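Novice: Can you read through this structure? Questions will come right after.
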Amino acid sequence: MNTLNELKCSFPARSENESFARTMVCAFAAQLDPTVEELADLRTAVSEAVTNSIVHAYRGREAGMIVVTVRLLPDRVIYIRIADKGCGIADIAQAMTPLYSSAPAEERAGLGFTVMQSFTDSLTVSSKPDHGTTVTMRKRLQHEPAGN
């Protein structure tokens, strides 16, 4: 993977860090001069991925860490990987089914992965029970900044 620039950050899986994660990713992506709409897409996708880790990964366990990696790739592609070392997902296909929630009693919508897919060009989820989950997203920015 030919990386033009990279940022890696880890933080505790606490709800107050969700806004930090989405702001950090968008601030890093700003060097490509994205449109407001492109930033909104990134912000929403990152928010959903980090929230999934906060809500589901460490359920019934001591809160662990979330690691966010953002890379700027050639052709204006933004690569985002969000990983945790939580409980993992036993059935990824089921978890990615719209309206499915592993916490229905908490009135969760079950649309996190659907939203991530809607706002990115590609979404990959890998997970192993008791070893954590990694969500990888890519988005190609369409807007070409003036002067390029």
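Novice: Restricting to the range 131-146, and then to whatever is at pLDDT 95 or above and polar (S, T, N, Q), can you tell me which residue is surrounded by the fewest Cβ atoms within 10 Å (Cβ to Cβ)?
Specialist: Checking each candidate, the answer is Thr136.
Novice: Name the one entry in Met24, Met96, Met1, Met65 that is closer than 19 Å to Leu111 by Cβ and surrounded by fewer than 18 Cβ atoms within 10 Å (Cβ to Cβ). Talk me through it step by step, then tell me what you get.
Specialist: Details: Met24 fails: closer than 19 Å to Leu111 by Cβ; Met1 fails: closer than 19 Å to Leu111 by Cβ; Met65 fails: closer than 19 Å to Leu111 by Cβ.
Of Met24, Met96, Met1, Met65, the one residue that is closer than 19 Å to Leu111 by Cβ and surrounded by fewer than 18 Cβ atoms within 10 Å (Cβ to Cβ) is Met96.
Novice: Okay, moving on. Scan the range 91-98 and give yes if some residue there is modelled with pLDDT of 90 or more, out of contact with any strand residue (DSSP E or B) (no Cβ under 6 Å at 6 or more places or on another chain) and at negative phi, otherwise no. Before you say what the answer is, go through the steps one by one.
Specialist: Taking the range 91-98 and keeping what is modelled with pLDDT of 90 or more, we get none.
There is no residue in the range 91-98 that is modelled with pLDDT of 90 or more, out of contact with any strand residue (DSSP E or B) (no Cβ under 6 Å at 6 or more places or on another chain) and at negative phi.
Novice: For the range 37-55, indicate whether the set of residues that are part of a loop (DSSP other than H, G, I, E, B), of a type outside the set (Phe, Trp, Tyr) and within 17 Å of Thr134 (Cα to Cα) is non-empty.
Specialist: Taking the range 37-55 as the starting set, the residues that turn out to be part of a loop (DSSP other than H, G, I, E, B) are none.
The answer is no, given that none of the residues of the range 37-55 is part of a loop (DSSP other than H, G, I, E, B), of a type outside the set (Phe, Trp, Tyr) and within 17 Å of Thr134 (Cα to Cα).
Novice: Would you say Glu62 is without any contact (Cβ under 8 Å) to a residue 40 or more places away in the chain, not in a helix (DSSP H, G or I) and not basic (Lys, Arg)? Talk me through it step by step, then tell me what you get.
Specialist: Working: without any contact (Cβ under 8 Å) to a residue 40 or more places away in the chain: yes; not in a helix (DSSP H, G or I): yes; not basic (Lys, Arg): yes.
It is true that Glu62 is without any contact (Cβ under 8 Å) to a residue 40 or more places away in the chain, not in a helix (DSSP H, G or I) and not basic (Lys, Arg).
Novice: While we're here: Specify which of the listed residues (Ala103, Ala83, Ala40, Ala63) is closer than 20 Å to Ala13 by Cα and modelled with pLDDT of 95 or more. Don't jump to the end; show me each part of the working.
Specialist: Values: Ala103 fails: modelled with pLDDT of 95 or more; Ala40 fails: closer than 20 Å to Ala13 by Cα; Ala63 fails: modelled with pLDDT of 95 or more.
Matching residue, one of Ala103, Ala83, Ala40, Ala63: Ala83.
The values are calculated or read from the model by the stated rules, or taken from the named source; none is laboratory data. Predicted, not measured: the structure shown is a model, and the values here were computed from it. Glycine gets a Cβ as well: all are built from the backbone with ideal geometry, and neighbour counts include every protein chain shown.
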